[in-house]
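See below for the structure under consideration.
The values are calculated or read from the model by the stated rules, or taken from the named source; none is laboratory data. Here the structure is a predicted model, which means the values were calculated and not measured. FYI the Cβ positions are ideal-geometry reconstructions off the backbone, even for glycines, and counts take in every protein chain you see.
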Amino acid sequence: MSERTIALVTGANKGIGYEIAAGLGALGWSVGVGARDEGRRQTAVEKLRAAGVDAFGVPLDVTDDASVATAAALFEQRAGRLDVLVNNAGVIGGRPQEPTTVDPETVRTAVETNVIGVIRVTNAMLPLLRRSPSPRIVNMSSAVGSLTRQTGPAAELATGPLSAAYAPSKTFLNAVTIQYAKELRGTNILINAGCPGYTATDLNGFRGVRTPEQGAAIAIRLATLPDDGPTGGFFEDAGVVPW
């Protein structure tokens, strides 16, 4: 059984997910690069290894039960446990997203990956996380899911354009994170949601103002919380994000 801290980052072949994997790997951790696309996954693993990271590929489609079960079996065989899970994989869902014209399938697509996918992966990995001395779960959310910011005075500046799929899926994810924290209270598992800020990735057409490395910082912080750290919270670099 490996004594090195072992982590899984979903959607880790590019952007923020890749930088989360790089940041955790720089701590000396062994990092599973979860991704659907074999070529991109292998390219990311090779790049991380060239940078000195103990990285390995994890074929993973968060929307597929069999794929997630196979990923859990890989960690069972490799280390017999999982120390940190970062649920980073996410999609916009499609456009347009104005609520009066949105295709219900667009909403369904966003929720399937951004919420149900997180539940699917988390539940599959929980038996492995329970074997860790200091298990951490990080759900990568977004401030666009903050109802407080959505309804505040400069709402459009704070939370972007109308969104009937992506933004509500992050609100949903925040609510699910709270429910996990309530159920896991009394265990040593800490679970929190993190907002990377407006980061330039292909998710937003690279219009963001932060680098993927900056966007990854909050996940790394939440993944390395001390045992007396918070759980059931929503955080960004500047501190707590209002619900």
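So how many residues does the range 91-115 have that are part of a loop (DSSP other than H, G, I, E, B), touching a residue at least 24 places away in the same chain (Cβ under 8 Å) and either over 23 Å from ALA193 (Cβ atoms) or not polar (S, T, N, Q) (or both)?
Residues in the range 91-115 being part of a loop (DSSP other than H, G, I, E, B), touching a residue at least 24 places away in the same chain (Cβ under 8 Å) and either over 23 Å from ALA193 (Cβ atoms) or not polar (S, T, N, Q) (or both): 7 in total.
In the range 224-243, how many residues are touching a residue at least 60 places away in the same chain (Cβ under 8 Å) and in contact with a helix residue (DSSP H, G or I) (Cβ under 9 Å, 6 or more places away or on another chain)?
Initially, the range 224-243 is screened for residues touching a residue at least 60 places away in the same chain (Cβ under 8 Å), giving 224-225, 227, 234, 236, 241-243.
Checking the rest, the ones that are also in contact with a helix residue (DSSP H, G or I) (Cβ under 9 Å, 6 or more places away or on another chain) come to 224, 234, 236, 241-243.
Residues meeting the conditions: 6.
Exactly one residue out of ARG108, ARG95, ARG149 is over 27 Å from ASP227 (Cβ atoms), touching a Pro at 6+ places or on another chain (Cβ under 8 Å) and of a type in the set (Lys, Arg): that is ARG149. Of all residues in the range 116-144, those that are within 23 Å of LYS14 (Cβ to Cβ), touching a strand residue (DSSP E or B) at 6+ places or on another chain (Cβ under 9 Å) and assigned to a helix (DSSP H, G or I) total 6.
If the condition is being over 18 Å from the mean Cα position of the chain (by Cα), basic (Lys, Arg) and either assigned to a helix (DSSP H, G or I) or surrounded by fewer than 16 Cβ atoms within 10 Å (Cβ to Cβ) (or both), then the range 41-90 contributes LYS47, ARG49, ARG78. Remark: pairs (first residue in the range 202-222, within 13 Å of ALA21 (Cα to Cα) and modelled with pLDDT of 80 or more; second residue acidic (Asp, Glu) and assigned to a loop (DSSP other than H, G, I, E, B); Cβ separation under 7 Å; 6+ apart in sequence or on different chains) = ALA217/ASP237; ILE218/ASP237. What pairs can you find where one residue is in the range 175-200 and within 30 Å of LYS14 (Cβ to Cβ), the other is of a type in the set (Asp, Glu) and crowded, with 17+ Cβ neighbours inside 10 Å, and their Cβ atoms are less than 8 Å apart, with a gap of 6+ or different chains? Qualifying pairs under 8 Å: GLY194/GLU236; CYS195/GLU236; PRO196/GLU236; GLY197/GLU236.
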